[in-house]
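> Please find one structure pasted underneath; my questions will follow.
The values are calculated or read from the model by the stated rules, or taken from the named source; none is laboratory data. The structure presented is a predicted model; accordingly, all values stated were derived computationally and were not measured. Note that we place each Cβ from the backbone using ideal geometry, even for glycine, and neighbour counts take in every protein chain shown.
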Amino acid sequence: MKSSESQLVPFKVDQESSMDQLAVMISQDREYRCRDYFGRRSAAKSMHTQSPTSTQLDSVDDTPDSICREKMAEWSYRVCDHFHTKREIVAYTFSYLDRFVDRCHCDRKAFKLAAMTALYMSTKIFNQQQMSLGSISELSRGEFATHHIAEMESIILQTLQWKMNPPTVQAFIRVLLPVLVQERSPRIIQNLCNRAIFFAELAVFDYSLITEDRYVLAIACILNAVESMDETLLQQSSSAQLLLNLQSYHCLDPDMEALGHCQGRLWILYGTSAQLKEGDILPLHIRKGLEVEYSGSSKGHSDHSPIGVGHY
């Protein structure tokens, strides 16, 4: 997976205005929450298979799982890179996909179609140059025609009740970072932002993070970004200082257990990414803990044309 594109953040901010904006975003995020749909269906399936009336045919499972979801996330990033589309598009895509699958049961083929359609919808709404229906259809290698994608788009819009503008983790980072990080150097602020955004991009891969508040994930990304920096470059920032800064703002009251979970999952994702070899920004105490468990495992990326979506 490629590193994230650089995203400019304001160096000087109005604290009161930023807090008002954050309060609105946090309230808005509650309208876009998603439940653990894989876990819920797995539990229901387990109860069903234990029923004396269940048959062998019930054991044939064509439902998607977290691995299917991860493959579609990787594919989506590759498509965005190929078409020079903003990578934040994938965050919108998976907000649509997760909330849709939370409400509608899909087999693997329908899940794949929904993921591809969600990517098409995201570029239509948030990218200056949208991908065409024909382009998305071609990437399916003939599995889905343009009318399939158009029909799924209508179904997704109706299912989500046209709620198509979720605050992303990246959006929270752009507002939170200048508030929490008390650095004077614009270069350091920008470096931290780029690192935090990369962690946000990785978060899309991890199904276990879909139920977490986006602002908590954003704080975890910023904390990990600070921990990944050379301490000699940071004049006024540390993880401990950031956590103290959090206490100054009434609208920022993250569950510390959830925050710790998010940080840990993000480090694991980073440890298995290609960036570990390319940039190696992992702090030493984290890196040592991952080397044994995750050595040899990485998410690769390609600069070539994205392959069509094949069978899981």
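> Could you please give the count of residues in the range 26-60 that are among the β-branched types (V, I, T) and modelled with pLDDT of 85 or more?
Residues of the range 26-60 that are among the β-branched types (V, I, T), as a first pass: 26, 49, 53, 55, 60.
Filter once more, so that each one left must be modelled with pLDDT of 85 or more: 26.
Residues flagged as among the β-branched types (V, I, T) and modelled with pLDDT of 85 or more within the range 26-60 amount to 1.
> Pick from the range 249-266 the residues that are at pLDDT 90 or above and surrounded by fewer than 19 Cβ atoms within 10 Å (Cβ to Cβ): which of them is farthest from E227 (Cα to Cα)?
If we filter the range 249-266 for residues that are at pLDDT 90 or above, which is where we start, we get 255-266.
If we keep only those that are surrounded by fewer than 19 Cβ atoms within 10 Å (Cβ to Cβ) as well, we get 255-258, 260-261, 264.
Numbers: D255: 20, M256: 17, E257: 18, A258: 18, G260: 13, H261: 16, G264: 12 Å.
Per the stated criteria, the residue is D255.
> Separate question: Could you please find all residues in the range 183-228 being buried (at least 19 other Cβ atoms within 10 Å of the Cβ) and not in a helix (DSSP H, G or I)?
Residues satisfying the conditions are E183, V204, F205, D206, I210, E212, D213.
> Going by what's in this entry, would A23 be described as surrounded by 14 or more Cβ atoms within 10 Å (Cβ to Cβ), within 30 Å of V179 (Cβ to Cβ) and either touching a His at 6+ places or on another chain (Cβ under 9 Å) or at pLDDT below 95 (or both)?
Details: surrounded by 14 or more Cβ atoms within 10 Å (Cβ to Cβ): yes; within 30 Å of V179 (Cβ to Cβ): yes; either touching a His at 6+ places or on another chain (Cβ under 9 Å) or at pLDDT below 95 (or both): yes.
Yes.
> If E74 passes every condition in (1) touching a strand residue (DSSP E or B) at 6+ places or on another chain (Cβ under 8 Å); (2) on the phi > 0 side of the Ramachandran plot but one, which one does it miss?
(2)
> Pairs under 6 Å by beta carbon, first residue farther than 17 Å from Y32 by Cα and outside the structural domain of V179 (by TED's automatic domain parsing) in the range 200-225, partner outside any loop (DSSP other than H, G, I, E, B) and among the aliphatic types (A, V, I, L, M), six or more apart or different chains?
Nothing qualifies.
> Can you name every residue in the range 92-124 that is more than 19 Å from F38 (Cβ to Cβ) and under 18 Å from the mean Cα position of the chain (by Cα)?
Let us first name the residues in the range 92-124 that are more than 19 Å from F38 (Cβ to Cβ), namely 92, 116-117, 119-124.
Matches in the range 92-124: Y92, M116, T117, L119, Y120, M121, S122, T123.
> Name the single residue that is modelled with the lowest pLDDT among those in the range 130-188 being acidic (D, E) and either closer than 19 Å to L252 by Cβ or more than 24 Å from the chain's Cα centre (by Cα) (or both).
Let us first name the residues in the range 130-188 that are acidic (D, E), namely 138, 143, 151, 153, 183.
Restricting the remaining residues to those that are either closer than 19 Å to L252 by Cβ or more than 24 Å from the chain's Cα centre (by Cα) (or both) gives 138, 143, 151, 183.
Numbers: E138: 95, E143: 95, E151: 98, E183: 65.
The extreme case among them is E183.
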